[in-house]
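What follows is a set of notes on a single structure, which appears directly below.
Readers should treat all values here as calculations from the given coordinates under stated rules, not as data from a laboratory. Just so you know, these numbers come straight off a predicted model, no measurement behind them. Neighbour counts are summed over all protein chains in view; Cβ atoms, including those assigned to glycine, are modelled from backbone coordinates with ideal geometry.
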Amino acid sequence: MRRKQLLSVWIGWAVAFFALSAQAGLLGEYFSYSPAGVPSNPFTGGNFRGSRYDSTINFDWATGIPGIAGIGDNNYAIRWRGQVYLPAAGTWRFYTQSDDGVRL
């Protein structure tokens, strides 16, 4: 898999990612797991449900679902891959909000 070079631009509260190649965004890999609990590594091949390029990472799935077959409204994990290039020097802040767990 080739890495994508990305340019980051602030749009309101969201950060939009634009690739400098044919695919725009970060590659989101979507995984599901059992309601019994989060496994120690939810990112295993048996749990993989699909992938797509997400050009903006600013989702609110409190009342919806990600739109990937096999992913419901709970018990899933997403791993985004790619590179973020900032257009200017300075302090940049990335943050998350979650009702379960998250790593950034």
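Taking the listed residues GLY50, GLY70, the one that is surrounded by 10 or more Cβ atoms within 10 Å (Cβ to Cβ) and part of a strand (DSSP E or B) is GLY50, with no other qualifying. Number of residues in segment 27-44 that are part of a loop (DSSP other than H, G, I, E, B) and either of a type in the set (A, V, I, L, M) or in contact (Cβ under 8 Å) with a residue 40 or more places away in the chain (or both): the value is 5. Among residues of segment 61-80 that are on the phi > 0 side of the Ramachandran plot, those with a Cβ under 8 angstrom from a residue that is in a loop (DSSP other than H, G, I, E, B) and buried (at least 17 other Cβ atoms within 10 Å of the Cβ), sequence gap 6+ or separate chain, pair up as ASN75/TYR33.
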